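Worksheet: the structure to be examined is printed underneath.
The values are calculated or read from the model by the stated rules, or taken from the named source; none is laboratory data. If you're wondering where the values come from, they're calculated on a predicted model, not measured in any experiment. Glycine also receives a Cβ, built like all others from the backbone with ideal geometry; neighbour counts cover every protein chain displayed.
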Amino acid sequence: MAEVQKSDNPLDDVFTEFLQSPRVFKNRDVLTDRYIPDKLPHRTTQIKALGYTLASILRGARPSNVFLYGKTGTGKTAVAKFVLKNLAAKAKEQGYDMSTAYINCHTVDTNYRVFAELCHFLDVKVPFTGLPTDEVFNRFCTALDEKNTLFVIVMDEIDLLVKKSGSETLYQLTRINTVLEKSRVSIVGISNDLKFKEYLDPRVLSSLSEEEIVFRPYTAQELNDILNDRAHMAFNDGCIDDAVIPLIAAIAAREHGDARRAIDLLRVAGEITERNGDSIITPKHVRMAHDAIERNTVSEVVTTLPIQSKLLLTAIYLQYREREKNDETGVTTGDAYQQYIELCDYMRMEPLTQRRISELINELDLLGIISARVVSRGRYGRTKQITFTVSTRLVHDALSSDIGLKKFLNFS
């Protein structure tokens, strides 16, 4: 009898084991960012508000600019895409031409790239670099007028574009209707920063005339409803323990109220279940998924921070560790700044001003690494008290990946 040859490829065993394991997922795609559901639980108020603002398109008129504010994972992007999808279908029924462009300013973060991306939506070829920005803008205007349409531009995380490249892009887009002859442009801006308008040039503020819709974080019960809907579509019957959805909803509500991260946690728990060869997702898999996601998120955020933000985070970590030893909680901005100055001296770097450091603290808060809460100190005034919203062990490990900072983590 011929002897069966064993493969030297280690992936053969991996793939065979996976194919033989129980199948948990029915449709994994419904747990990804790409999926926009047919209904958005607990966002009816915001859907209607945005719908009313943009409804003038159905009579061939340009609607007002509108800005959606709220923390990450509160449904802003999903609501914008949901409303525009339905609006485009209705406008077509009414005989009006409407076009939409979606830009994520987290990646498209310069004036040139914004207009190049808008040209791409109109099938106008523009090189990645090399042209004056004004030339790209003019090509966009020319192509848009030829299309003779109502053009809605969704700019997600628009605050990142303004913070990096200034207000010029937004200024040109808010004034573009004075240049166009046949087409009209409206902007739907999406921002995680409620103080976004403080970064805008006064010229932009005067020409925006925008409406605002605020998205509050989801509660545990609301997250429970959202997760139940997705779980029903994502998993085969009988593959999820009854305690899983309430547990994920409680974790998400306690930590961030972020539906996107809650859905990610559910997806990763399912993946771990399949990887382990188990047939039912249990709370044990949820806890394993939570640890894995938090580790990966903290590492990615911290390792990609600019050096000044890393130094500040190191200073906060050192002060926080000292307070833990004395059973104290929270680090004041003043103590964090003094520690940061010391680190700058050791690194022979020019320290930033205390005002700029306060802005960096706000950015770290926005990223979800720390929580900076304003507290009163009586006659000594007010200050921000800083605490970590993630494991300090994970922060330590992420900072340790920077050789220049590693030596400071045992700094006294």
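Against the criterion of being surrounded by 13 or more Cβ atoms within 10 Å (Cβ to Cβ), assigned by TED's automatic domain parsing to the domain that holds D156 and at pLDDT 90 or above, A78 qualifies.
Within the range 163-191, the residues that satisfy the criterion of being part of a strand (DSSP E or B) and either of a type in the set (S, T, N, Q) or free of Cβ contacts under 8 Å to residues at least 12 places away in the same chain (or both) are S186, S191.
Every residue, every condition in (1) within 20 Å of I263 (Cβ to Cβ); (2) within 21 Å of the chain's Cα centre (by Cα); (3) not assigned by TED's automatic domain parsing to the domain that holds I226, yes or no:
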| residue | (1), (2), (3) |
| --- | --- |
| N65 | no, no, yes |
| K71 | yes, yes, yes |
| T74 | yes, yes, yes |
| N86 | no, no, yes |
| A89 | no, no, yes |
| G95 | no, no, yes |
| C105 | no, yes, yes |
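Listed conditions (1) closer than 20 Å to Q46 by Cα; (2) at pLDDT below 90; (3) surrounded by 21 or more Cβ atoms within 10 Å (Cβ to Cβ) are all met by L194, apart from (3). The set of residues from the range 276-304 being closer than 15 Å to G368 by Cβ and surrounded by 14 or more Cβ atoms within 10 Å (Cβ to Cβ) comprises H290, I293, E294, R295, T297, V298, S299, V301, V302.
Every condition in (1) in contact with a Ser or Thr (Cβ under 9 Å, 6 or more places away or on another chain); (2) crowded, with 16+ Cβ neighbours inside 10 Å holds for K406 except the one numbered (2).
Taking I245, is it surrounded by 16 or more Cβ atoms within 10 Å (Cβ to Cβ) and in a helix (DSSP H, G or I)?
In short, yes.
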